[in-house]
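Since the structure comes first, as structure tokens, the remarks are kept for the end.
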Amino acid sequence: MQFFNHFLREKGVSADIRSLLYHVARAVKYINFSLRAGNTQQLTTQNASGESQLKLDVLADQIITNELQKSELAHIIASEEQEKVRKFAAPRGKYGVSFDPLDGSSLVDTNLAIGSIFGIWDCGESFIGTTGRKNLVASCYAVYGPRVTFVIAIKNKGTHEFELNDVGEFTVTRENIQLKPDSKYFAPGNLRAGKGNARYLQLIQEWILEGRTLRYSGGMVPDLNHILCKEEGIFSYPHDQKYPQGKLRLLFECAPFAFLFAEAGGSALDQEGLPILDIKVKEIHQRTSIFIGSKNEVEKAIKILK
Ligand code: P6P
């Protein structure tokens, strides 16, 4: 059983990134405690995207912000819950951190799994003008389910899963996750888009006629976590009239996941076939369509969509 920090040190991960990830892992622990303590009341406020908030959305944002400030390594942070980028004194290092503090919080009342998503960027003074491929140095997510798991990818050092044990430590449970190129699973998001997009309807129908197994919960984190844990699958969320750019956010959700999947030998493209990691950040709440998972499945899907 290898502990989180030892594992990363053995992998040759820099002390800066190890320290930042240590603070992210601590934030995940506090969010988990708070979730289990039942801070799930609905608030009357809305987030930067006009979505209703739970007390826990705000609390998770505060917990992560405090931990990143304490790290002294994150000098700019962008949260899905905050309109603007926040700047901090970071005498130990100049990283940017983007995060979705609690993705899928609308599922909390149904007791389905939810998660937190983080991107760590080497990006100077601003996220604007960056791409995941050039500027992401690590990304990670936590799943708050029956177990708490924490999946981390470090540039050129693979994607690895850790589990929170009963004394509050993260130990490695999966090393060097590698996705198979093909899959029997599918996770089709935004089926409503099929109404105005015959090609998406055709793709869903092909997946059904091929007898694939549906694995979809409505939470991006557990749905993508299923693909990484089974080492195969495809998740789709196309744009439509309601979300002409797509619903999911580039900085807080799609670029960090595209990085994790690239380190696991998978692929992530937008509906037009552009790699998510090559999409330039123009504004921090920018949205994108996304097809992500087993390489061959993503490529086959985009061929039909285009
Ligand atoms: P829809 C949750 O609200 C979320 O942001 C992602 O976690 C999830 O993949 C998507 O939205 C689900 O969207 O339109 O099906 O509710």
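The values are calculated or read from the model by the stated rules, or taken from the named source; none is laboratory data. Since the model is a prediction, treat every value here as computed from it, not as a measurement. Note that we place each Cβ from the backbone using ideal geometry, even for glycine, and neighbour counts take in every protein chain shown. Just so you know, the surface numbers come from the protein's heavy atoms only, side chains and all, with ligands and any DNA or RNA stripped out. Shrake-Rupley method; radii C 1.70, N 1.55, O 1.52, S 1.80 Å.
Tallying residues that are assigned to a loop (DSSP other than H, G, I, E, B) and open to solvent by less than 80 Å² (accessible area, probe 1.4 Å) within the stretch 167-195 yields 10. Of the set (1) at pLDDT 95 or above; (2) touching a helix residue (DSSP H, G or I) at 6+ places or on another chain (Cβ under 7 Å); (3) in a helix (DSSP H, G or I), all apply to LEU56 but (1). Apart from one condition, CYS229 fits all of (1) surrounded by fewer than 23 Cβ atoms within 10 Å (Cβ to Cβ); (2) within 14 Å of the ligand (Cβ to nearest atom); (3) of a type outside the set (Lys, Arg); the exception is (2).
For the stretch 26-42, the criterion of being modelled with pLDDT under 95, at positive phi and either of a type outside the set (Phe, Trp, Tyr) or more than 21 Å from the chain's Cα centre (by Cα) (or both) is met by at least one residue.
Here are some residues: VAL148, VAL108. Which one is under 24 Å from ARG287 (Cα atoms) and surrounded by 16 or more Cβ atoms within 10 Å (Cβ to Cβ)?
Of the residues listed, the single one that is under 24 Å from ARG287 (Cα atoms) and surrounded by 16 or more Cβ atoms within 10 Å (Cβ to Cβ) is VAL108.
The set of residues in the stretch 265-276 that are touching a residue at least 60 places away in the same chain (Cβ under 8 Å) and either crowded, with 20+ Cβ neighbours inside 10 Å or closer than 19 Å to GLU80 by Cβ (or both) comprises GLY266, ILE276.
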